[in-house]
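Nothing in this text is a laboratory measurement; each read-out follows from the coordinates by a stated rule. Remember, it's a predicted structure, so these values are computed and weren't measured experimentally. Cβ placement follows ideal geometry from the backbone for every residue including glycine, while neighbour counts extend to all protein chains displayed.
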Amino acid sequence: MGPSACTCGMPRPKIQVALDTTCISEALLIARSMVDGGADWIEAGTPLIKSQGMEAVRRLAEMCGERAVVADMKTMDAGRLEAEMAIDAGAKVVTVCGLADDVTIREAVKVAELKGASVMVDLINTKDTLARALEIQSLGAHYLYIHSGLDAQTRDGSIACKDELLRRLSSSLKIPVGAGGSITAANARRAVEAGASILVVGSYITKSKDPAAALRLILDAVGSTA
């Protein structure tokens, strides 16, 4: 299954499935169906990495083959060391927090490029998000990501994406912007229309009784090849 035009006339975004379980067997089971179903990237979520360490990244990378594994490290310090650990375990994309020091982001980017991988910077809780995004772009980051964290979703309700912020970022930046946080088949297209090049989908898929069917609904919503 390959990418095609989105139903809104935009190129289909990458679909990144976030595995935020702490159980490696559960993560591998879902990941297998996601690869078979056409997801683009498989994310080793932060809880999975904290529970299982780099073994989770290694196991997912072995299973996913050519599909990229994203290691959601949320690095705040030791950028080179943490990025290197994840990439050596098989990750093709590693995440760094946008609140990290510039040198942390820069060092993560250096080692990622040396090893043929990429850095996604998570803008969670940044205040002047556009200004910080422009700074991060200048540091060499390959992707930016905005989302509502799990705790914020509990407090504020279901926040799928920040449409106006997405529009501002996507129109001002030269690098792709991802969006996540309560993404569902009902709002996925809206996020793409607002400028998201990557959709990070978590519980809508992973907590579904039929994760493969939930993925199919997401792909149908944004356009996919049959």
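Give me the extension gain from residue 26 to residue 77: residue separation times 0.36 nm, minus the current Cα-Cα distance, reported in nm with one decimal.
Residue separation times 0.36 nm, minus the Cα-Cα distance, leaves 15.4 nm.
Please identify, among 86, 39, 186, the residue showing maximal mean-square fluctuation in a Gaussian network model of the chain using a 10 angstrom Cα cutoff.
186
Between the range 168-226 and the range 53-90, how many Å separate their Cα centres?
After rounding, the separation between the Cα centres reads 22 Å.
Residue 62 to residue 128: extension gain in nm, 0.36 nm per residue of separation minus the Cα-Cα distance?
19.9 nm
Report, by chain and number, residues whose modeled amide H sits under 5 Å from the one on residue 41, excluding near sequence neighbours (fewer than 5 apart, same chain).
15, 16, 17
Note down the magnitude of the dipole of the range 14-219 about its Cα centre, charges +1 on Lys and Arg C-beta and -1 on Asp and Glu C-beta and zero elsewhere, to the nearest 20 debye.
In debye, rounded to 20, the range 14-219 gives about 440.
Have a look at 173, 29, 139 and tell me which one the Gaussian network model of the chain (Cα, springs below 10 Å) gives the largest fluctuation.
29
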